[in-house]
Amino acid sequence: MIELKKFSIEENCPVRNVLDRLGDKWSILIILILGDTDKMRFSELHRTIGSISQKMLSVTLKTLEADGLVNRTVYPEVPPRVEYNITERGESLLPHIKNLTEWALENMPGIEKSRAIFKT
């Protein structure tokens with residue numbers, strides 16, 4: 001059994017740490033999109049998502065790259081070409097994200113119903 005007391009300090013808890021990084025508005029969507037493609041350029045990714053600002057996309061990609069979930073490749077061309085792809089670590093996360101997505105789709109109607117009852 002995992003000793004939960006050692007995870008009571010936030011920095012020591014791997015689950016809270018990972019969820020904190022992936023729990024933003026865009027990270028999971030970016031991982032899912034890159035998981036369905038071989039590689040994408042920044043502009044393609046921006047167009048695919050549509051509602052994300054360039055700055056937020058850039059910040060999110062840097063965070064995912066820092067965690068080793070996304071790889072950034074710069075080609076020495078003029079103008080420079082930059083492509084993103086999911087890493088092996090990111091690939092290993094995909095089944096879990098897809099399971100969570102399925103769970104959310106199955107349970108969202110009930111969750112919305114519970115929220116509506118809770119508000120009254």
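Cβ-Cβ distances below 7 Å connect the following pairs, each with a first residue in the stretch 50-71 that is closer than 17 Å to Glu88 by Cα, a second residue that is assigned to a loop (DSSP other than H, G, I, E, B), and a separation of six or more residues or different chains: Gly68/Thr87; Leu69/Thr87; Val70/Thr87; Asn71/Thr87. From the list Ser8, Ser43, the lone residue that is more than 19 Å from Leu57 (Cα to Cα) and either at pLDDT 85 or above or among the small types (Gly, Ala, Ser) (or both) is Ser8.
Just the residues that are assigned to a loop (DSSP other than H, G, I, E, B), more than 13 Å from Leu22 (Cα to Cα) and of a type outside the set (D, E, K, R), please, taken from the stretch 58-117. Quick ask: steps written out before the conclusion?
Start the filter on the stretch 58-117 by keeping residues that are assigned to a loop (DSSP other than H, G, I, E, B), which leaves 67-69, 76-80, 87.
This time we only want the ones that are more than 13 Å from Leu22 (Cα to Cα), so: 76-80, 87.
If the condition is that a residue be assigned to a loop (DSSP other than H, G, I, E, B), more than 13 Å from Leu22 (Cα to Cα) and of a type outside the set (D, E, K, R), then Pro76, Val78, Pro79, Pro80, Thr87 are the ones that fit.
For the stretch 27-41, a residue qualifies if it is out of contact with any Leu (no Cβ under 7 Å at 6 or more places or on another chain), of a type outside the set (Ser, Thr, Tyr) and touching a residue at least 12 places away in the same chain (Cβ under 8 Å), and the qualifying residues are Leu29, Leu32, Leu34, Asp38, Lys39, Arg41. Is it the case, given these coordinates, that Arg16 is at pLDDT below 85, surrounded by 11 or more Cβ atoms within 10 Å (Cβ to Cβ) and in a helix (DSSP H, G or I)? So Arg16 passes the test. Restricting the stretch 32-57 to residues that are of a type in the set (Gly, Ala, Ser) and not in a loop (DSSP other than H, G, I, E, B) leaves a set whose member that is farthest from the chain's Cα centre (by Cα) is Ser43.
The values are calculated or read from the model by the stated rules, or taken from the named source; none is laboratory data. This one's a predicted model, so the numbers in the text were calculated from it and none came from an experiment. Here the Cβ is made from the backbone with ideal geometry for all residues, glycine too, and neighbour counts use every protein chain on show.
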